[in-house]
Amino acid sequence: MIKTVKQRGGLLFEGSDWDFPTLQRIHDACEEIALGELGLDVYPNQIEVITSEQMLDAYSSIGMPLFYRHWSFGKHFAHHEAFYRRGMRDLAYEIVINSSPCISYLMEENNATMQALVIAHAAFGHNHFFKNNYLFKLWTDAEGILGYLEFAKGYIARCEERYGETAVERTLDAAHALMSHGVHRYAGKTKVDLRQEEKREQERRAHEEQVFNDLWRTVPAGHKRSRADISLDKRRAALGLPQDNILYFLEKSAPRLQPWQREILRIVRHVAQYFHPQRQTKVMNEGTATYVHYKIMTRLHERGQIGDGHYLEFLKSHTNVVFQPSYDDRRFSDFNPYALGFAMMQDIERIVTNPTDEDREWFPDIAGRNDPVSVLRDIWASYRDESFVGQFLSPHLIRQWRLFQLHDDPDMLDGILVSAIHDERGYRRIRRQLAREYDIGWTDPGIEVVDVDLAGDRRLLLQHKVLNDWPLDESETKLVLQHLADLWSYDVLLQEIDSSEKVVKEHVAHPRSLFADSRFS
Amino acid sequence: MHIIDRRLNPRGKSLENRQRFLRRAKDAVQQAVRRSLQSGNIRDVLNGGQVSIPIGGVAEPSFRRGEGGVRDRVLPGNKDFAEGDIVPRPEGGSGGRPTEAGEGDAEDDFRFVLTREEFLDIFLDDLELPDLAKRRLSETEEVTPTRAGYTVSGSPSNIAVGRTTRLAMMRRIALRRPKPEEIEALRREIEECESEEKRLALEAELKSLTDKSRRIPYIDPLDVRYRRFENTPKPVAKAVMFCLMDVSGSMTEHMKDLAKRFYILLYLFLSRRYEKVEIVFIRHTEKAEEVDEETFFYGPATGGTLVSSALLAMRSIIAARFDPTDWNIYAAQASDGDNSYSDGSLVGQLLQYEILPLCQYFAYIEVGEEGEDSSTSDSPIWNLYEGIRSDILPLAMRKVCRRNQIFPVFHDLFQKQQAHSKTEP
């Protein structure tokens, strides 16, 4: 702090070159504003300077600094590299990791202004969000993640040595295919503690080794209870059905998996769970970071720590980042989370400081409270995209963005119906629909394991609840189901049922004996 | 706050993943490489290049919703729609949702760049020199060290720790070296001992024990053993490839281009796949000369045609430098098929009775004009060789008229064959 006070009034950097003391000065100046004026609460920062090739590396292992080996990451790397080499796509300016210390990558090619932008954006914006948002607090363990990944990488490498690369690769392929349905959506009793995971795995194995006695194999089996009389409800309860976390179910109940395969499923499941909050908070996370970097950079400029030229350069990048093309633009693909998040947060600031009568009617709690940063801090802490849009998308913003809703029913032969526009009648409908588009419970197909035919052929039964006659993709589903059957090792049936519980479609898969070579019993 | 400079970290962190991906996509990549060879310029292509493979074998499926169903969607930038308007579905789009092109299923082809090494490895993957049978024990430097027991002298890096400690332990047990615990126990006993007399006896015993343990060392130089290695000669197949090219006036630029392309492939194949292959370049007009590769590929020449001159040159080179009992001899000849009439019988004699019996494999490529149909009139040489060809003689013949035929023909000639590989030891 003392050092930066001395710098006050002086420019943090001149020209576009930077060196490590520059980064330190920028960080300290940003920290002063972020903690002092915005009241942010962040993990300690760790800033890593990397090359563009390393950035590509990081891309392909979903942003993590270390990860286990799998061909799919090589595929992503090749893909990104091809695009990058042809100049078709720029690399992201930064990658930031939800860990403690919070690691942000800076690319060496960026100039000093960009580095300042990235530090403000990632090291303070994202960092604050990671540390304070309730989803991240509930589902992720920032202190433990890097250690856990280290364990995962080592464990999978050891499995490859012991059981062969092919067997491990097949298990991972199957687990990856089910990754989107390998998360707990509702909080359980315990908080995750990834650091305990490695210890638990060792304990499990040690226990197995301790109690192993080959004699048990030779003991004749006792009188078996007839399974037919176990009622459906009891059976379901025993297996914890219905279960929407398919990977969890397989890990616990798949009859013929080896212990190491269960551990691999567990690893994939933990990784999926770790990224689960990020999927639900794209708009908020990026909006927060963008809002924070905008505030910090503007303050730095006001305090004379960034020159006018650099500030204009920053504004140009900032404008690019928050650009939202309209629906008929060639560049349009979807809502830009940076743009939507930033616009909503600016709008909230306006409502808090300078509300209209309409705002007072729609947002009585926050209108005119006059302390935008503390209102926003509360919002950042306790909402996810769906609830954030559902609560805070204001009529003002709907008008400004000229949002409208389309209703596309294949039975309507005339065309697509415009069901709501930015008027009195449309505000709530548009807001509800947009919020729903960010609800992954709505956008991801809801698939549950509902029953296992334990008495008969052990067939696994899953159900997909079809919403709005919107079926699963036929060919993809077949592939995923095949993986699922391989893990379960018996037949798998997936029923698609509509709202009236009627089965509209069925998919069946039979197991291939892929893991036969690794089975001993 | 920490700033860490990661730029100097080891590169290629994802190399392993990349190789796994290539292995996984091997078949598709191989086909893509073949395809790109047929169209592209060989020089460019062999510098590595971009290939695109169908997504099939490397798909990463997940549960996703497909087409169909009732959908609602919010979009920005309304211009003139009012509530209740009906917008016609755009033509041709699947399901009429123009805005969803970015959803990710447009990835039916997967493009990426292969390095030169990767490209060549894949390209040459299933080729080999046929019938590489003569594997002589070379008297020269080709040796590999193999383990051959233990020795009492050697370099410290070869010390066999396990064996040494075992011998030391045997010796210690045999000579009854007192164990440290025994001495320790005795010491304790002395400390606790009260009667003077007994103590003296114990002390004497202790002294004898410590003396003994000093006399008998824990590890003696006698115990030390070293791992012994013996050099065993490695069987090496020695091979020589003769490249015979007609550069006479009757060869047009196009034909020369085809022939050179063929030899470039051959050269790449041999130099990458076999460390111990000699290549002899012979070009001929009405007289033959042995040249270096630079001249062979790029030197200009012109003149009449006498094929026998090349065969004679080859024969004399074999006689002078490559003993057929030690060397696997291969030859690839490229020509437009013209030869002076009087030369025909000599060529036939040479080939049938002198050259072919020495060779493991003799490939003949006849190059033709572009657009010429390869099945029309046969040239003098083709007719001559056709007559000589029999099941016993290792002669293969192909015609090439267009650039895109080069690779298939080459691949055909040098493909791995079951029958041949059986003859290998």
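Of all DSSP-defined beta bridges confined to the stretch B:235-423, some 15% are antiparallel rather than parallel. The stretch between residue A:457 and residue A:237 holds 77.3 nm of extra length on full extension. This uses 0.36 nm per residue minus the Cα-Cα distance. With respect to chain A, whose longest principal axis is taken over its alpha-carbon atoms, helix A:71-85 is tilted by about 30°. Placing R0 at 22 angstrom, the Cβ-Cβ distance between residue A:278 and residue A:349 gives a FRET efficiency of 0.35 after rounding to 0.05.
Report the full-extension gain for the segment residue B:276 to residue B:323: residue separation times 0.36 nm, less the Cα-Cα distance, to one decimal in nm.
Gain on extension, residue B:276 to residue B:323, equals 15.4 nm.
Rounded to the nearest 0.05, the FRET efficiency derived from the C-beta distance between residue B:231 and residue A:308 at R0 = 56 Å is 0.15.
A simple spin-label model places the labels of residue A:14 and residue A:357 5.6 nm from each other, with each point 7 Å out along Cα-to-Cβ. The mean number of Cβ atoms from other chains found within 10 Å of a Cβ in peptide A:324-331 is 3, as a whole number. Rg and Dmax of the stretch A:2-133, based on Cα coordinates, read 16.3, 52 Å. What value in Å³ per residue do you get for the convex hull of the alpha-carbon atoms in the stretch B:303-384? So the per-residue hull volume is 106 Å³. With r defined as the distance between the Cβ atoms of residue B:196 and residue B:169 and R0 fixed at 45 Å, what FRET efficiency is calculated, to the nearest 0.05? Using R0 = 45 Å, I get an efficiency of 0.75.
Considering only Cα atoms, the convex hull volume of the stretch B:185-273 works out to 174 Å³ per residue.
Across the stretch A:445-518, counting alpha-carbon atoms alone, Rg and Dmax equal 12.9, 44 Å. The gain in end-to-end length when the residue B:1 to residue B:257 segment is fully stretched comes to 85.8 nm, 0.36 nm per residue minus the alpha carbon separation. Largest first, the extents of the alpha carbon coordinates of the stretch A:344-445 on the three principal axes equal 51, 31, 17 Å.
One Cα centroid belongs to the stretch B:247-273, the other to the stretch B:159-184; the line between them spans 71 Å. Calculated on the alpha-carbon coordinates, the convex hull of the stretch B:235-423 measures out at 121 cubic angstrom per residue. Sorting the segments B:192-201, B:74-83, A:53-62 by their residues' average number of neighbouring beta-carbon atoms within 10 angstrom, most packed first, yields A:53-62, B:74-83, B:192-201.
For chain A, the alpha carbon positions stretch 85, 58, 46 Å along the principal axes, listed from largest to smallest.
Of all alpha-carbon pairs in the stretch A:227-354, indicate the percentage at a distance above 21 angstrom. Write out the running numbers ahead of the final one.
Details: 5265 of 8128 pairs.
The proportion of pairs with Cα distances above 21 Å equals 65 percent.
Only beta bridges with both residues in the protein assembly as shown are counted; by DSSP, about 55 percent of them are antiparallel. Extending 7 Å from Cα along the Cβ direction at residue A:365 and again at residue B:287 yields two label points whose distance is 10.2 nm.
Remark: C-alpha extents of the protein assembly as shown on the principal axes read 115, 109, 81 Å, sorted largest to smallest. Both radii come from the Cα set of the stretch B:250-319: Rg as radius of gyration, Rh as Kirkwood radius; their ratio Rg/Rh reads 0.98.
Where only DSSP H runs of four or more residues are counted, the protein assembly as shown gives -13500 deg cm²/dmol as its mean residue ellipticity at 222 nm, each run worth -39500 (n - 2.57).
Can you give the Rg to Rh ratio of the stretch B:148-229, both from alpha-carbon atoms, with Rh computed by the Kirkwood formula?
Details: Rg = 18.2 Å, Rh = 14.8 Å.
With Rg and the Kirkwood Rh in hand, the quotient comes to 1.22.
Once Rg and the Kirkwood radius are both taken over the C-alpha atoms of the stretch A:369-521, their ratio Rg/Rh works out to 1.15. Protection proxy ranking, highest mean first, for peptides A:439-451, A:108-120: A:108-120, A:439-451, where packing is the per-residue count of other beta-carbon atoms within 10 Å, averaged.
Where a number appears in this text, it was derived from the coordinates with a stated rule and is not lab data. Because the structure is a prediction, the values reported are computed rather than measured. Glycine gets a Cβ as well: all are built from the backbone with ideal geometry, and neighbour counts include every protein chain shown.
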